[in-house]
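Q: Encoded as structure tokens, here's the structure I'll be asking about.
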């Protein structure tokens, strides 16, 4: 009986040991199969758009921004807009009191009118003088002709010397009267005309100066700051109002020196802000490398400053807000793409993928194109959309397919 029980115990132990051995073998087999499955993972060749981009931190800033200054000294009499109001170019922003200036303008106006009346009198006198001048000139011409005739008569003995001398004196007097009238006509009118023109210029300058007391907006935009209040006395060059054109924005940022080598004027960029996609192009790349301390680095980084223009007509972004700028370095449309893990590279020159075919695998040489963080464009006439290629193809398989 004891021997029988001992035999049963041995049998049970044997069964348990066999079960353990079979379990370990099964697990080992599954692990090998799983490892083999992972090693021979495949991916499909797909056609899609691919973009190589780098993301930098930048800002959206206005292209047009003005600080309206006062060009005169005076008291602010009225402000016509509030902070946050939208204004158009030419809108009257505020006025400065012109009472003192208006007094000068009125005095200049009165002086101008008086001089204008004097000028009218001088012109009438000039007309009278001109008429008198014409009369005197005609009289002189008449006496001069009579003198010539008398000289002929004198030479012929028809008149005496005394009569000739009398006619000569008469001719000289007629000439002197004509010359005096001519000089008087030119001198008086010229002086008054010059005085009138000077007063005209003074009056015009005062009217132009008055326009400086009416402060208008030089651009379309939004008033972001008003630095004065009504009844305040302002001086020349005092900043009055700050205006920003929120519809005409540009983007600025800094690119790492090494990444900037791939940038060119006209390259595109994208910004996603508040769920909206904005696009634009680079319009300026600084020729100077500068050092800048970044958010994730304690040491200064060498960077290149860039600027870009947005294509969008309506922009919801606020001026001077921070944005992430995706610089598009390269892009391809509707091209063959595989995960980067499918590429086998030799000596950084030769690139291969392993294509799955009916009877096994085929080694295919490819050229690399545009790549993003995960995928890469492949250029080969031996691959088509939907083909299967191995992920992380093992080197020994590469060598066997090469043979």
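Q: Once log10 I(q)/I(0) by the Debye sum over Cα atoms at q = 0.11 Å⁻¹ is worked out from the coordinates, which option in [x] -0.95; [y] -0.83; [z] -1.04 does it equal?
A: Among [x] -0.95; [y] -0.83; [z] -1.04, the one calculated here is [z].
Q: If you fit an axis through the alpha-carbon atoms of helix 2-39 and take the longest principal axis of the Cα set of the chain, what angle between them do you get, 0 to 90°, nearest 10?
A: 30
Q: To continue, here is another question. Using every alpha carbon pair in the range 99-211, what percent of pairs falls into each 10 Å bin from 0 up to the bin containing the largest distance?
A: So the P(r) values, bin by bin, are 13, 25, 19, 15, 11, 9, 5, 2, 0.
Q: Still on this structure: When 269, 311, 352 are ordered from fewest to most other Cβ atoms inside 10 Å of their Cβ, what list results?
A: Ascending Cβ contact count within 10 Å gives the list 311, 352, 269.
Q: Can you sort 347, 180 by how many other beta carbons sit within 10 Å, fewest first?
A: 347, 180
Q: Here is a follow-up. Note the angle between two axes, namely the Cα long axis of helix 161-211 and the longest principal axis of the Cα atoms of the chain, as a number of degrees from 0 to 90, rounded to the nearest 10.
A: 30
Q: Right, something else. Using a Förster distance of 30 angstrom, determine the FRET efficiency expected from the C-beta separation of residue 130 and residue 200, and round it to 0.05.
A: The calculated FRET efficiency here is 0.75.
Q: How high is the FRET efficiency between residue 372 and residue 224 when r is their beta carbon distance and R₀ equals 41 Å, given to the nearest 0.05?
A: After rounding, the FRET efficiency stands at 0.55.
Q: On a 0 to 90° scale, report how tilted helix 99-155 is relative to the longest principal axis of the chain, with both axes built from alpha carbons and the result rounded to the nearest 10.
A: That works out to roughly 40 degrees.
Q: Here is a follow-up. Taking the Cα atoms of the range 219-268, what is the range of coordinates along each of the three principal axes, in descending order and whole Å?
A: 57, 22, 14
Q: Normalised by the number of residues in the chain, what is the relative contact order in percent for Cα pairs under 8 Å and 6+ residues apart?
A: 28
Q: Over the alpha-carbon set of the range 250-386, divide Rg by the Kirkwood Rh and report the Rg/Rh ratio to two decimals.
A: In the range 250-386, Rg relative to Rh is 1.09.
Q: Mind checking the full-extension length gain between residue 67 and residue 345? Use 0.36 nm per residue of separation minus the Cα-Cα distance, one decimal, nm.
A: 94.2 nm
Q: How much length, in nm to one decimal, is gained on full extension between residue 170 and residue 235, taken as 0.36 nm per residue of separation minus their Cα-Cα distance?
A: 16.2 nm
Q: Which ordering of 402, 71 is given by a fewest-first count of other beta-carbon atoms within 10 Å?
A: The fewest-first ordering by Cβ neighbours comes to 402, 71.
Throughout, read-outs are computed from the coordinates displayed, never taken from laboratory work. Since this is a predicted model, take the numbers as computed values, not measurements. Counting neighbours? That spans all protein chains shown, and the Cβs are built from the backbone with ideal geometry, glycine included.
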